[in-house]
Amino acid sequence: KDTFAAKTIRLLCGFFFHVPGCWIYFRRMKELVFATHNEHKVLEIQAVLGDEFRIMSLHKVGFSDEIPEDRHTLEGNASQKAEYVYERLGMDCFADDTGLEVAALDGAPGVFSARYAEISNEVKQGETIPDANMRKLLKQLEGIHERRALFRTVIVLIISGKQYTFEGVVEGTILSLKKGTGGFGYDPVFLPNGYGKTFAEMSLKEKNKISHRSRAVLKLADFLKNYPE
Ligand code: ITT
């Protein structure tokens, strides 16, 4: 009598030999390195891309260098991060850079979103960086009624040495208090237009339906699907 393992192997072999679609599926599954140390971003992007693409984080490929990010635009930083990894690993890869642009602050923190509180030495002892950034942002906006803001993501993909750029934007407003515990970064103070909850109150699936990053990633996925093998 067949053991469970033997039955499973037989079933899988039958499946692969008789369903040509399976081979096509595996041949088409594309692997890409995502040049980020931010695991939240990896989760968000893998969820948007689904099974057709396998995203490998730097952690997964054992790459732990601190990647320089000192350009003055999101495009510049995304390209710098992707180039840094491409040159060292020689693997097709992409990077994203994201900024929160607040209308009443002339687009700040923008490209400095990650280090907003650090650049003015406003991180208190024991405080996390995102908490310090949000505290500074809310302080800057105290008494200001104009609360419009947007998140902008720029993705730079390097494939066979050539660079391609994709952008995604979501508009919203900055609350005066934090709400929610999900997501990351500025999510607890960002209320996307047309929604009654902040990004930090949304599930990953809800955030991914409308977020700046998912909008840029969908453009990336479209490009990759049509990219010659
Ligand atoms: P990598 O450079 O390693 O990818 P990072 O966290 O530094 O990771 P960015 O430079 O792209 O990422 O982002 C700058 C900051 O913007 C980030 O530290 C967060 O504070 C904020 N941010 C980015 N995406 C966000 C999102 O979806 N929701 C809320 N805040 C976000």
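A short reminder: the numbers here are calculations on the coordinates, not readings from a lab. Bear in mind the structure is a predicted one, so any value in this text is a computation, not a measurement. Because the Cβ atoms are built from the backbone with ideal geometry, glycine has one as well, and the counts that use them run over all protein chains shown.
Within region 76-93, the set of residues being of a type in the set (A, V, I, L, M) and within 12 Å of the ligand (Cβ to nearest atom) comprises ALA78, ALA82, VAL85.
The single condition from (1) free of Cβ contacts under 8 Å to residues at least 12 places away in the same chain; (2) out of contact with any Phe, Trp or Tyr (no Cβ under 8 Å at 6 or more places or on another chain) that ILE119 fails is (2). Can you spot a residue in region 34-45 that is within 12 Å of the ligand (Cβ to nearest atom), closer than 23 Å to LYS162 by Cβ and part of a strand (DSSP E or B)? Yes, there is a match, as at least one residue in region 34-45 is within 12 Å of the ligand (Cβ to nearest atom), closer than 23 Å to LYS162 by Cβ and part of a strand (DSSP E or B).
Every residue, every condition in (1) within 14 Å of the ligand (Cβ to nearest atom); (2) crowded, with 16+ Cβ neighbours inside 10 Å; (3) more than 16 Å from the chain's Cα centre (by Cα), yes or no:
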position: PHE63; (1), (2), (3): yes, yes, yes
position: ARG71; (1), (2), (3): yes, no, yes
position: GLU122; (1), (2), (3): no, no, yes
position: GLY126; (1), (2), (3): no, no, yes
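Among the residues of region 94-102, none qualifies, meaning not one is within 14 Å of ILE155 (Cβ to Cβ), away from the ligand (no atom under 11 Å from the Cβ), in contact (Cβ under 8 Å) with a residue 40 or more places away in the chain and of a type in the set (D, E, K, R).
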